[in-house]
Amino acid sequence: KPLCLKCPAVQSISWYAPARDRFPRLTMIPALLQRSGLSRENVMDTPPHDANAREIPSKVLVTGAGGRTGCIVVRKLLELGVGPAKQFSKVRAMVRSQESAERVSRAVGGLMGVETVIGDLTSKGSLDEAFRGMDAVVVCTSAQPRLCKVSLAKTIAMQVVTLGHVVGRPEFWFDEGLGPEQIDWLGQKAQFEAAEAAGVKHIVLVSSMCGTRPQHFLNTHMENLVLWKRKAECALVRSGVPYTIIHPGGLLPHSGGLGSSAEGRKRQLCVGVDDELLDDKAKAMVTREDLAEVCVRCLLEPAVSVGRSFDLGSWPEGEGTPFEGRVGELKALLETLGGRNATYREADAAFVALESRPERACLCF
């Protein structure tokens, strides 16, 4: 049975630790790349952005709004005001079920103005209806891994018996039809197509770090979760729809919460590209509150955010100057990149996983 990542033992796992510390190199990857005629060195051509696509949106859709990050994004949009003479004329939240809709309602508290719709990523008609009339979309959809209790027990036992000298990793699975390929690749691609058809002017995509590291735990043990996300990012970049792509590191608080609220506006944020922040564990985490704040600032400052793809982390709480979402902070943050963006390669766009058990790390590009 699934545990949904809520066990305290799971919280101790450093999901975003450098892969080289935990997994041997997968020697089959270079050969597969060579056989397919693709290379990690072949940079993907990206279309230019519309220099005039800088209008602040009035009508915003949040997909995956029932998730932990999506709920916060909706709340922050409502806090800015919805209605005549307000920041937004409409905020729409797309969820998968009535249960998720109720979760959004609880998350926004007494804030008024959200329009909740139930949508299905596999239904074109459902997406077209949800996207119709929207100026901008914040995409927060993601496949949800479930933890195998038996594998967790084995992992804990191994750590106890070896006094912590051998660190194992639990196994994960996904509900039928709701795995990374279906949700993070096909589902996101369907959203981008719906957005283009609806004339959406800006997509802010919440993705994840580890898209350049096939050997990372999130890929080897979670059905190539982030590699499918990276493939979807390539589709968005090529779509021609103005975009901003954010790769957060480990999200705080972890699943289960453990009594920690992980408040926003308490940490100095930092940005990078192509998973470089993973090499410094202290910077590879960010609160969901701060991530949502950055999403909203990207919508409000399109002149700064459109066409950018970057990793997002933070310094430990108490160090540096906290990000508070003021005008100009996002621009200053992104300027630290010196104009760099994530590099997308033809191998990322062409990724296809061999059909295998989740715990196997066989990849084919």
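Charge tally around residue 236: other residues with Cβ under 13 Å, Lys/Arg +1 each, Asp/Glu -1 each, net +1. The per residue volume of the convex hull around the alpha-carbon atoms of region 260-314 is 76 Å³. Along region 213-223 the Karplus relation, 6.51 cos²θ - 1.76 cosθ + 1.60 evaluated at θ = phi - 60°, assigns HN-Hα couplings of 10, x, 7, 5, 3, 5, 9, 5, 10, 9, 6 Hz to successive residues, with x for each Gly and Pro. Taking only alpha carbon atoms, region 230-352 gives an Rg to Rh ratio of 0.97, where Rh is the Kirkwood radius. The percentage of C-alpha pairs in region 182-298 whose separation is greater than 20 Å is 48%.
Just to be sure I follow: if Rg is taken over the C-alpha atoms of region 93-213 and Rh is the Kirkwood radius over the same atoms, what is Rg/Rh? It would help to have the intermediate numbers written out before the result.
Values: Rg = 19.0 Å, Rh = 17.1 Å.
For region 93-213, the value is 1.11.
Derived scalar couplings between HN and Hα for region 277-286 equal 5, 5, 6, 10, 4, 5, 9, 8, 10, 8 Hz in order, rounded to whole Hz, by the Karplus curve 6.51 cos²θ - 1.76 cosθ + 1.60 (θ = phi - 60°), x for Gly and Pro. Coupling constants for region 232-237 follow from the phi torsions by the Karplus curve (6.51 cos²θ - 1.76 cosθ + 1.60, θ = phi - 60°), and in residue order they are 5, 4, 4, 5, 5, 4 Hz; glycine and proline get x.
Counting only heavy atoms of the protein chains and using a 1.4 Å probe, residue 196 has close to 110 Å² of accessible surface. Near the amide H of residue 93, within less than 5 Å, lie the amide hydrogens of 62, 115, 116, 117, all on another chain or at least 5 residues away, with H placed in the peptide plane.
The values are calculated or read from the model by the stated rules, or taken from the named source; none is laboratory data. Just so we're clear, the structure is a prediction, and the values are computed from it rather than from any experiment. Heads up, the Cβs are rebuilt from the backbone with ideal geometry, glycines too, and the neighbour counts pull from every protein chain shown. The accessibility values were calculated without ligands, DNA or RNA, using every heavy atom of the protein model including side chains. Shrake-Rupley method; radii C 1.70, N 1.55, O 1.52, S 1.80 Å.
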